[in-house]
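Heads up, the thing below is written out as structure tokens.
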Amino acid sequence: MDIHFIHLLHKHGLLHDIDISFAYLMSKLSGDNSSEELFIAAILLSNILVDEKHICLDLKTKAEEPLIKIFPDIPQDEQNKIADIKLPSLSKWIKQLKKSPVVGEPFEFKPLILFNNRLYLYRYFSYERELADSIKKKLQIENNFLDNILLKEGFRNYFKESPTLPDWQKLGAFAALKSNFCVISGGPGTGKTFTVTNIITLLLEQNPNQNIKLCAPTGKASARLQESIRDAKEYLKCSNDIKNRIPDDTSTIHRLLGYKPNSPYFRYNRRNLLPVDIVIVDEASMVSLPLMSKLIEAIPVDAKLILLGDKDQLASVEAGSVLGDICGAAEINRFTRSFCEAYYSVANEKIPDYLQINKSPILKNCIVELQYSYRFDANQGIGAASKAVNKGDAELSLSHIKDKSSKTIKHRNLPHKNEVEYFVKFIVELRYQGIFKAKTLKEAYSRFTEFRILCAYREGIYGVEGINELIEKILYEKRLVGIKKNFYIGKPLMISQNDYNLRLFNGDIGIIWLSDDRELRAFFPNQDGTFRSFALARLPKHETAFAMTVHKSQGSEFENILIILSDKDSPIITRELLYTGMTRAKSGMEIWMKEDIYKSAVKRRIERASGLVDLLKDLKSVKKL
């Protein structure tokens, strides 16, 4: 194979310096056993880890692929230069890789690991194997010592009458009590936080001395979990002793594990385990493979791990799609006969026959997806449109978006670039100018949190940077902002870099306001409704936040949103991005789009190569060290 195409791809930014350097290093270390097949594999592995957040290079799916299919963004006038180039056949690829001294089998300490026709960096294979092994160990420990009398009473007291059969929330709670590993997935409004608050209550009634930790991947998601738990506690009909024991202090996963600045390691790890009995992780879809692996290895094997999240949301911005892979390895909402009998004995509710399974897979009785949304009508508006997006039905989703009788959705054809400012002016007048007319900090912040613009991209006129710049221009022209400068009263900010000393984290949102001594400062809300203020010069890296990317909006909810898609199709605009954006809205959404791009996005799924599904289905394929 002629590998001169590499320089062509590099010239157009489709390959990075690190990709090429890594491939040359692997070739050099291989000496006489180097080959074009190794060089190509190394360069592609580096590229997809950096750009597409895959865990490994799936040789089987890439073998004999035309290069133009893998790099479709090469300029059209250059495409003929790579039109006839194909990747190696699977058999030849694997044969040449096995000859190299830098490629090893599982449990060999080599830079690259070849397993199940997938090529990994050593540490990513280790993360994947360790995570699968840890989940398997937890699933072997089943809690058969529950006090059924307490549990029966708890189910009667804490779960209201369900509109569905079975009661998915109650079923999820029982699964979490029975197993040392449980996933409770569900879209917005399905009651994940309500369910987990009840789970904590039931667990504490079984043993009030259990040490429970609540965490989330970001500071913003952690704060929202804390607020939700505190709200849910108010309605619990349990004893004051149990209510006082329910933790409402939350942290980021990094803080829970003991973050060490400028280090990939944590204070708590497999050699220094967390002193916990139960760990609950919210927004688990946002957790990357490396972080999830480090978390689970720091939790005692006999401690309970409960993951909450929405498996259909965007995956982590870092490598992997852990929650999706775990759910993909299981038969969701399928339960063994013995589990169904045990559930009936305490809940007095029969699990329908179609949810029962005769076989006993590894991930059994522990993956529950909540089915009923208390927020959205499944037959119209946001609920119906987002559900259709999840199913990949673009026409049905569009029919709900275009439904003029809908009270929750509006849509507009994407304005031409020359018209964007005209339409954004209406948004500023309707949604944002109230911030600058507010009399108090609390009023201004409250007005800001009611609405958000969500964009698919960061750059360009339809991206976050372009829309934020346009809004500030309009505010200046309306004289709502006195002079053009970096900071002004009412400016919303989003932190984009963690600062553990200031306790400001990526995704935290604040607002510029005057302090009591008439100084401009940045104010960030506390969970109790008060604000912390910071000198502007001390702020970590941040950005204007009238508009934000859909990725950054994960873990947030707003009364109303505006989604702006691009005028050009891209692999970035996917079914998961649309679903995540739509479901940030509590009450209403508007979307600006081109129909053909919307349809293309609904058909396109995020697919991140990994072997976690296979490992979870058959852990015997990899022996323990």
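The values are calculated or read from the model by the stated rules, or taken from the named source; none is laboratory data. All of these numbers come straight from a predicted model, not from anything done at the bench. Neighbour counts are summed over all protein chains in view; Cβ atoms, including those assigned to glycine, are modelled from backbone coordinates with ideal geometry. Heads up: the accessible areas ignore ligands, DNA and RNA and are worked out on the full protein's heavy atoms, side chains in. Shrake-Rupley method; radii C 1.70, N 1.55, O 1.52, S 1.80 Å.
Here is how the numbers come out for the structure above:
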{"quantity": "Among beta bridges that DSSP assigns inside segment 1-133, antiparallel share in %, nearest 5", "calculated": "80"}
{"quantity": "Helix-only [θ]222 nm of the chain, DSSP H runs n ≥ 4, -39500 (n - 2.57) each, per residue, nearest 500", "calculated": "-11500 deg cm²/dmol"}
{"quantity": "Contour minus Cα-Cα distance for D618 and E519 (0.36 nm per residue)", "calculated": "29.5 nm"}
{"quantity": "Restricting segment 48-132 to chymotrypsin sites (Phe, Trp or Tyr not before Pro) in coil, as DSSP defines it, with at most 12 other Cβ within 10 Å", "calculated": "F109"}
{"quantity": "Unsatisfied cross-links (Cα-Cα over 26 Å) in the set K213/K260; K178/K311; K541/K594; K311/K442; K552/K603; K233/K294", "calculated": "K541/K594; K311/K442; K233/K294"}
{"quantity": "Two-site label geometry, I85 and E469: point separation in nm, points 7 Å out along Cα→Cβ", "calculated": "3.4"}
{"quantity": "Length added when fully stretched, S239-K391, from 0.36 nm per residue minus Cα-Cα", "calculated": "50.4 nm"}
{"quantity": "Contour excess over end-to-end distance, with Cα ends at L25 and Y354 and 0.36 nm allotted per residue", "calculated": "113.0 nm"}
{"quantity": "Segment 245-276 versus segment 166-185: alpha-carbon centroid distance in Å", "calculated": "25"}
{"quantity": "Among S285, Y235, I597 the positive-end extreme of the charge dipole of the chain (Cβ point charges)", "calculated": "Y235"}
{"quantity": "Considering only the chain, percent of DSSP beta bridges that pair antiparallel, nearest 5", "calculated": "40"}
{"quantity": "Under 15 Å from K439, Cα to Cα: aspartates and glutamates that are on another chain or at least 8 residues apart", "calculated": "D516"}
{"quantity": "Segment 37-153, accessible surface, carbon-and-sulfur percent (1.4 angstrom probe)", "calculated": "47"}
{"quantity": "Relative contact order %, segment 1-96, counting alpha carbon pairs below 8 Å whose residues are six or more apart", "calculated": "27"}
{"quantity": "R0 of 35 Å, Cβ-Cβ distance S338-E318: FRET efficiency to nearest 0.05", "calculated": "0.35"}
{"quantity": "In segment 535-625, trypsin sites (Lys or Arg not before Pro) in a DSSP loop with at most 14 other beta-carbon atoms within 10 Å", "calculated": "K541, K568, R605, K623, K624"}
{"quantity": "Carbon and sulfur %, accessible surface of segment 457-552 computed with the full protein complex present, 1.4 Å", "calculated": "44"}
{"quantity": "Per residue value of the accessible surface for the chain (all protein chains in place, 1.4 Å probe), Å²", "calculated": "46"}
{"quantity": "Inter-site label distance for E421 and T440 at 7 Å from Cα along Cβ, in nm", "calculated": "3.8"}
{"quantity": "Those residues of segment 322-352 whose amide nitrogen sits under 13 Å from the label point placed on Q371, 7 Å along Cα→Cβ", "calculated": "332-335, 350-352"}
{"quantity": "Point-to-point label distance, D596-N207, nm (Cα→Cβ direction, 7 Å offset)", "calculated": "6.1"}
{"quantity": "GluC sites (Glu not before Pro) lying in DSSP loop within segment 413-451, provided at most 11 other Cβ fall within 10 Å", "calculated": "E419"}
{"quantity": "Whole-Å distance, taken between Cα centres, linking segment 383-430 and segment 553-625", "calculated": "17"}
{"quantity": "Size of charge dipole - the chain - debye, nearest 20, with Cβ of Lys, Arg +1 and Asp, Glu -1, no other charges", "calculated": "720"}
{"quantity": "Separation of alpha-carbon centers, segment 277-343 and segment 467-526, rounded to whole Å", "calculated": "36"}
{"quantity": "Solvent exposure, largest accessible area first (probe 1.4 Å, DNA, RNA and ligands not counted), of F376, F194", "calculated": "F194, F376"}
{"quantity": "Protein accessible area in segment 372-416, 1.4 Å probe - carbon and sulfur %", "calculated": "46"}
{"quantity": "Ordering of 556-562, 577-583 by burial proxy (mean other Cβ atoms within 10 Å per residue, highest first)", "calculated": "577-583, 556-562"}
